[in-house]
Amino acid sequence: MSAPSGIKVPPTLTSAFSSARNDAGDVRALVFTIEGESYTHLTTVKPKSTYKDDIALLPDTLPSTKTPASFAYRLDTKDGGSYEWMMITFVPDDAGVRAKMLQASSRSGLLKALGANNFKHDWFATSIKDLTPTALTAHLNHLASPPPLSASEAALAEVREAEAAEAKRAALDPETEARRRKVVVGLGGKMDWGAGVEDALKKVAKRSDEGWVVVLEIPATSTSSLSLVTSESATPAQLSSKIPTKSPSYVFYSYPTPPSAAPTVKAPAKLAEQRNTFQATAGGVRNVPMSNAPRAEDGEGEKDKVEAKEAGEGTDDAEETEKKQDEQPEQSPAEAAPVGDAGGKGRVIFVYVCPPSSPVKYRMIYSTSTRSVRQDAMDKADVDIVGKLETSDPNDLNDTQLKSALPPTKPTHSSSLPTPSSTSARTFGNATSTSSSTAQAAPFGAPIGGAFGRPRPLNVPARSATQIPLPASGPITPVEGADEGDSKDNIRRAFDAFGPRVNSPGGGGGGFARPRPAGRR
């Protein structure tokens, strides 16, 4: 590979260094010199003593004291089970200018070829006197010594050492450790509940007609526990008078929720008897086992039932049902109010109150413990918190602000279009108006609910296809003068109706359900 000076590092040199690292116990140093346009591995030095004493062996390996060279010098220390190495670049002051320039500019290329990470230290020597144990020891002591500091930097370092020693001593002190744990628990950790706290939170978790408030605080004597201040009934207008005005507190307020009315269950309509909904000319009668059509009232004659089935006018009960549904007023979304079960959960709003006049210490403790208090109430007392508020003045908690913390209620009607007020809804096969019993039936595909774009009434039952009587149809294949049956003549007529048969006079190919003869086109 090429260096900035153009001096190359041959592969034989890198392989020699790799072998020396693998068998470092028998190698003290590798000597490299520049000859021509590349580096050359001059010789290998064997260890005789310690690495500080063996450095005196390096000058004897050079051709002259004015020859620049590089030494891959092995130390006696190990890192990760392998010996550490040091790169020594020797450029004597009395060497030629060209030799010094080549040696200095080619040093980075040599380090890159051998691997800069393989060398712990990098040392420059400019004289034979530098290649001695004394000079090497002075260089290593210089590397291990602390950096020079000014008076202010030295004083700051002493303060840091004293703080580290004090922290180490405090960590071993059991009393200091106990105080530290107590403070950490009070700052956002799990908190102990005092007497009556659990019962009060279970009470506020239930539905309340007028509202229920529970006020909790952290005692000054124990920052890792909660105590009960107030647990009583309160309307939204009375809530501010139940909260302390000079100390922080946690407030759980169950917003008034009226009980829900018992739902009325309507009896299902009776199903009609079996009737024929499909009449074919050749297939016979298909009996439908069940139908969703309204059952005819008792007292009607059999003749009316038959006429209703044939003409599609048996819809009196459906019209009466639509009249009753239209007479019932619909409740608008604005009038709908959220209701709850008589014994169900209430809508609890969590309020963190922190007056500005409270001490800084307690303001920090309350703010860091808010999340844990709220989570413990949901886990231990099954409190359903639907909203959160924070205030510095309890007088700000009025009914408007409390309602803003509640989740929005869902409307009972999802459409933005007005609901129809008249009984103009039409179903398939019914008359377009209920006031006239002689009106024609609406055609198939007519818009349900009158004009296009109007929503369909919610309680109008949809009619299935089995409720629509089909008119009688004529014969599919009229044959005059033919007797019914499976006679030979009837079978022949059936085949003739679908095409000529094979070998028939004037036939142009295969007949019905018969393959075309092979070879014919």
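The values are calculated or read from the model by the stated rules, or taken from the named source; none is laboratory data. Note that this is a predicted model, so its numbers are computed, not measured. Positions of Cβ are generated from backbone atoms using ideal geometry, with glycine treated the same way; all protein chains shown enter the neighbour counts. Side chains included, ligands, DNA and RNA excluded: accessible areas come from the protein's heavy atoms. Shrake-Rupley method; radii C 1.70, N 1.55, O 1.52, S 1.80 Å.
Here is how the numbers come out for the structure above:
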quantity	calculated
Any chance Thr50 is open to solvent by 60 Å² or more (accessible area, probe 1.4 Å), closer than 28 Å to Thr134 by Cβ and not charged (D, E, K, R)	yes
Residue count, the range 108-125 (criterion: surrounded by 15 or more Cβ atoms within 10 Å (Cβ to Cβ) and over 25 Å from Gly80 (Cβ atoms))	2
Among (1) in a loop (DSSP other than H, G, I, E, B); (2) within 22 Å of Ala16 (Cα to Cα); (3) not basic (Lys, Arg) - the single one Thr89 does not satisfy	(1)
Given (1) open to solvent by less than 80 Å² (accessible area, probe 1.4 Å); (2) over 24 Å from Gly194 (Cα atoms); (3) among the β-branched types (Val, Ile, Thr), number of the condition Val353 does not satisfy	(2)
Selection status of Val97, exposed (fewer than 12 other Cβ atoms within 10 Å of the Cβ), assigned by the TED database to the domain that holds Thr132 and β-branched (Val, Ile, Thr)	yes
Flag for Ala138 being assigned by the TED database to the domain that holds Ser49, among the aliphatic types (A, V, I, L, M) and not in a loop (DSSP other than H, G, I, E, B)	yes
Members of the range 128-139 found to be open to solvent by less than 40 Å² (accessible area, probe 1.4 Å) and small (Gly, Ala, Ser), listed by number	Ala135
Which listed residue, of Ser64, Ser70, Ser38, is closer than 17 Å to Thr132 by Cα, among the small types (Gly, Ala, Ser) and surrounded by 13 or more Cβ atoms within 10 Å (Cβ to Cβ)	Ser70
From Phe17, Phe32, residue being touching a residue at least 24 places away in the same chain (Cβ under 8 Å), assigned by the TED database to the domain that holds Leu102 and not in a helix (DSSP H, G or I)	Phe32
Checking Thr223 against (1) over 18 Å from Asp379 (Cβ atoms); (2) at pLDDT 85 or above, the condition it does not meet	(2)
Every pair of residues 6+ apart whose Cβ atoms lie under 8 Å, when the first sits in the range 153-172 and is at pLDDT below 90 while the second is open to solvent by 60 Å² or more (accessible area, probe 1.4 Å)	Ala157/Leu149
Conditions (1) under 14 Å from Gly115 (Cβ atoms); (2) free of Cβ contacts under 8 Å to residues at least 40 places away in the same chain; (3) touching a Phe, Trp or Tyr at 6+ places or on another chain (Cβ under 9 Å): number failed by Thr40	(1)
Top-ranked residue in the range 78-94 [being without any contact (Cβ under 8 Å) to a residue 40 or more places away in the chain and under 58 Å from the mean Cα position of the chain (by Cα); ranked as most open to solvent (accessible area, probe 1.4 Å)]	Lys78
